[in-house]
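Working notes for the structure below.
The values are calculated or read from the model by the stated rules, or taken from the named source; none is laboratory data. Note that the structure is a prediction, hence the values are computed from the model and not measured. Using ideal geometry, Cβ is built from the backbone for each residue, glycine included, and neighbour counts are taken over all protein chains shown.
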């Protein structure tokens, strides 16, 4: 989970992680609940808080870019659960649905990989998104992209 936090630089140089700003704060530092800490101190003023927010946003951009939206994951989970239930009572219907999913799923993966490569993403990033190694991603898709 990721939430923006502010670290408070104290006069002695320590970084306070208190929830509220301690008296004597001389600068702000961006932080995240994942443990990430920003690289710069910013003025202990409104503009410093904006800069902290901007740096945290830069930390989050690659995470947001690689994280599927919850609403779509929920639909995917529902489809999986429904097909699994259908397979116990109507296996031929389940097989028909799974065959249909496979018909559109493979070309969509190829399309997404091609778009990722065109956008400059590495084989390691693509492999990570697919849950496979960089090498496996490269071997599987290198000949399928233009």
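Just so you know, in the stretch 112-142 the residues that are part of a loop (DSSP other than H, G, I, E, B) and modelled with pLDDT of 95 or more include one that is nearest to residue 77 (Cα to Cα), and it is 132.
Picking from residues in the stretch 12-44 that are over 24 Å from the mean Cα position of the chain (by Cα) and part of a strand (DSSP E or B), the one that is surrounded by the most Cβ atoms within 10 Å (Cβ to Cβ) is 28. In the set 55, 47, only one residue is part of a helix (DSSP H, G or I), closer than 27 Å to residue 128 by Cα, modelled with pLDDT of 95 or more and not assigned by TED's automatic domain parsing to the domain that holds residue 126; that residue is 55. Taking the stretch 58-97 as the range and being more than 21 Å from residue 128 (Cα to Cα) and touching a helix residue (DSSP H, G or I) at 6+ places or on another chain (Cβ under 7 Å) as the test, the residues that pass are 83, 86, 87, 93, 94, 97.
One line per residue, one yes/no per condition, for (1) touching a residue at least 24 places away in the same chain (Cβ under 8 Å); (2) in contact with a strand residue (DSSP E or B) (Cβ under 6 Å, 6 or more places away or on another chain); (3) assigned to a helix (DSSP H, G or I); (4) farther than 30 Å from residue 25 by Cβ:
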| site | (1), (2), (3), (4) |
| --- | --- |
| 72 | no, no, yes, yes |
| 86 | no, no, yes, yes |
| 95 | no, no, yes, yes |
| 110 | yes, no, yes, yes |
| 144 | yes, no, no, yes |
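Residue 65 passes every criterion in (1) under 30 Å from residue 30 (Cα atoms); (2) surrounded by 13 or more Cβ atoms within 10 Å (Cβ to Cβ) apart from (2).
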